[in-house]
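Notes for the one structure printed next.
Any read-out appearing in this document is the output of simple, stated calculations on the displayed coordinates, not a laboratory observation. Keep in mind the model is a prediction, meaning the values are calculated, not measured. So basically every Cβ, Gly included, is an ideal-geometry build from the backbone, and we count neighbours across all protein chains shown.
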Amino acid sequence: MQSKIPDAASPRGRGDAGTLLAASEVLSGKSGKGFIRRILPFLGPAFIACVAYIDPGNFATNIQGGASFGYLLLWVVVASNLMAVLIQILSAKLGIATGHNLAEMCREQFPRPVVWGMWVLAEVVAMATDLAEFLGAAIGFQLLFHIPLLLGGILTAIVTFVILGLERYGFRPMEAVITGLVGIIALCYLVETFIDRPDWKMIAYHATVPQFSGTESILLASGILGATVMPHVIFLHSALTQGRIVTRSPDLLKKLLRFEIIDVFIAMGLAGFVNCAMLIMAASTFFSSGIHSIGTIQEAYKTLVPLLGPAASWVFAISLLASGLSSSTVGTMAGQVIMQGFLRRQIPPWLRRSITMLPSLIVIAIGLEPTRVLVLSQVVLSFGIPFALVPLILFTVQRDIMRELVNRRLTTFLACIVAALIIGLNIFLLYQTFFG
């Protein structure tokens with residue numbers, strides 16, 4: 001087995017060498033540690049990817065869905081998260097098997113005009129992603145510290161630059177910070193769930209029985225799907241695994257994939273819990289109190305005070321801020337992967353972050369309602385999913401590309417069903433919006 005273990009004398013080496021050495025020992029069977037300690041070196045990529053599934057766009061869509069329709073759309077959250085598990089496994093597998101990320105594979109396999117078109121679409125999706133994440137963090141700062149939204153946006157940019165600066169010390173410090181922020185979000189919603197006292201029987205029913213209630217519920221369902229299965233992170237996850245631990249041994253490749261699957265299940269399970277808790281909080285707090293229209297995240301924050309007390313609103317604001325900061329950082333990383341993969345070009349992260357800040361600052365400056373912009377941005381993401389998901393499926397079914405990690409027939413069948421459902425929902429949404 002060959003692992004990319006950096007020089008321990010470099011800052012990057014000090015951050016990563018121990019993790020890579022431990023992973024090499026586990027894969028080669030030399031480690032006698034217990035199961036928990038054996039999987040630790042492999043945990044991280046999926047936790048970075050899972051941030052995209054609990055970003056501020058999820059707050060906007062899940063809160064509006066829960067306040068407007070109660071537990072009705074909980075099944076959409078559950079189904080979306082199950083789809084996310086499969087998609088992220090495929091993305092991680094592509095990076096492990098080929099040593100290339102999805103954008104690089106598209107550049108190598110598709111004609112040049114197609115590559116340029118896909119790059120433009122991916123950048124539009126990345127801009128919609130950045131818009132949601134940046135606005136969410138800015139709102140979090142505004143709610144916690146009672147400062148103007150524009151100042152919250154500036155603080156978001158500063159903190160994001162600081163977190164991105166950790167990349168110079170290797171992948172492990174960045175993974176640790178992102179995982180810590182994910183833990184804060186999960187802890188906040190664990191507290192919120194206990195405070196809410198939801199109806200668990202209704203939760204069990206609506207988590208498993210698909211239902212809609214008019215065009216607006218379909219719009220929100222599409223937004224929830226777009227906020228959960230995010231196109232940019234499909235590109236990113238393959239990049240996170242492509243050079244992290246490298247081996248060409250067929251047996252070790254399969255073993256490495258099994259550990260990465262564990263990483264995906266843990267991280268996506270955590271993200272699924274948070275997403276369900278968001279909608280449950282809104283349903284059990286707002287919908288059950290007769291407040292069926294929570295128009296903004298700020299309104300949700302203020303309404304929580306008389307309904308559940310000031311502690312609940314503070315917990316909500318902290319989780320939103322952690323979500324915005326972590327997802328804003330991950331969004332910038334994904335943007336770099338997309339540009340480098342499709343075009344073989346790369347710009348400094350601080351410059352990309354500066355450019356992608358502009359749409360959000362414009363939204364704030366001209367006075368557009370941030371929450372509605374968040375919801376609409378998630379619908380844009382939903383329409384961008386097929387342009388990442390279909391190529392991913394096409395590549396992972398080819399044995400000459402994937403070798404020993406090629407998809408099994410059942411995996412391909414399930415992936416095709418997922419792609420068909422997503423595309424079908426988008427077409428139905430268009431029809432209902434314009435002709436329904």
* Asked: In the Gaussian network model of the chain, springs joining C-alpha atoms below 10 Å, which of LEU368, LEU135, LEU82 carries the largest mean-square fluctuation?
  -> LEU368
* To do: Count the lysine pairs in the chain whose Cα atoms lie under 21 Å apart, taking only pairs 8 or more positions apart in sequence or on different chains.
  => 10
* **Summed residue charge, Cβ within 12 Å of GLU175's Cβ, Lys/Arg positive, Asp/Glu negative** => -1
* Taking 0.36 nm per intervening residue step and subtracting the Cα-Cα distance, what contour gain separates ASP251 from ARG345 on full extension? -> 30.4 nm
* Asked: From the Cα gyration tensor of segment 180-244, with a ≥ b ≥ c the square roots of its eigenvalues, which class applies: rounded if a/c is under 1.5, or else prolate if a/b is larger than b/c, or else oblate?
  -> oblate
* Structure fact -> Placing each pseudo-label 7 Å from Cα in the direction of the beta carbon, VAL114 and LEU82 end up separated by a distance in nanometres of 3.1
* Structure fact -> Row for segment 178-320, column shape: gyration tensor on C-alpha, a ≥ b ≥ c, rounded if a/c < 1.5 i.e. under 1.5, prolate if a/b over b/c, else oblate; value prolate
* What ³J(HN,Hα) values, in whole Hz, does the Karplus curve 6.51 cos²θ - 1.76 cosθ + 1.60 give for segment 274-279 when θ = phi - 60°, with x put for Gly and Pro? -> 5, 4, 4, 5, 4, 5
* Could you grab the relative contact order for segment 43-435? Cα pairs under 8 Å, six or more apart, rounded to a whole percent. => 40
* To do: Rounding to the nearest 20 debye, state how big the charge dipole of segment 43-435 is about its Cα centre with +1 on each Lys and Arg Cβ and -1 on each Asp and Glu Cβ.
  => 940
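Please label the shape of segment 144-185 as rounded, prolate or oblate, based on the square roots a ≥ b ≥ c of the eigenvalues of the alpha-carbon gyration tensor (a/c under 1.5 means rounded; beyond that, a/b larger than b/c means prolate, else oblate).
Values: a/c = 5.11, a/b = 1.72, b/c = 2.97.
Oblate, since a/c reaches 1.5 and b/c is not below a/b.
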* Asked: For the chain, which longest stretch is free of loop sites, where a loop site is one of the trypsin sites (Lys or Arg not before Pro) that DSSP puts outside H, G, I, E and B and that has at most 15 other Cβ atoms within 10 Å?
  -> 34-247
* Structure fact -> Residue-ordered couplings for segment 403-415, obtained by feeding phi - 60° into the Karplus form 6.51 cos²θ - 1.76 cosθ + 1.60 and rounding to whole Hz (Gly and Pro as x), are 6, 5, 9, 4, 4, 6, 4, 5, 4, 5, 4, 5, 5
* For the chain, what is the mean residue ellipticity at 222 nm derived from helices alone (per DSSP H run of n ≥ 4: -39500 (n - 2.57); sum divided by total residues; nearest 500 deg cm²/dmol)? -> -26500 deg cm²/dmol
* Across segment 241-246, in residue order, what do the Karplus-derived ³J(HN,Hα) couplings come to in whole Hz, using 6.51 cos²θ - 1.76 cosθ + 1.60 with θ = phi - 60° and x for Gly and Pro? -> 9, 5, x, 5, 9, 10
* Asked: If Lys and Arg each add +1 and Asp and Glu each add -1, what is the summed charge of the other residues whose beta carbon sits under 11 Å from the beta carbon of THR129?
  -> -4
* Asked: At what distance in angstrom do the alpha carbon centres of segment 271-293 and segment 312-348 lie from each other?
  -> 25
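When Lys and Arg each count +1 and Asp and Glu each count -1, what net charge do the other residues less than 14 Å away from LEU381, Cβ to Cβ, add up to? If you can, show how the numbers build up before the last one.
Values: positive: none; negative: ASP55, GLU123, ASP130, GLU133.
Here the count lands on -4.
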* For segment 136-180 and segment 49-107, what is the separation of their C-alpha centers, rounded to whole Å? -> 22
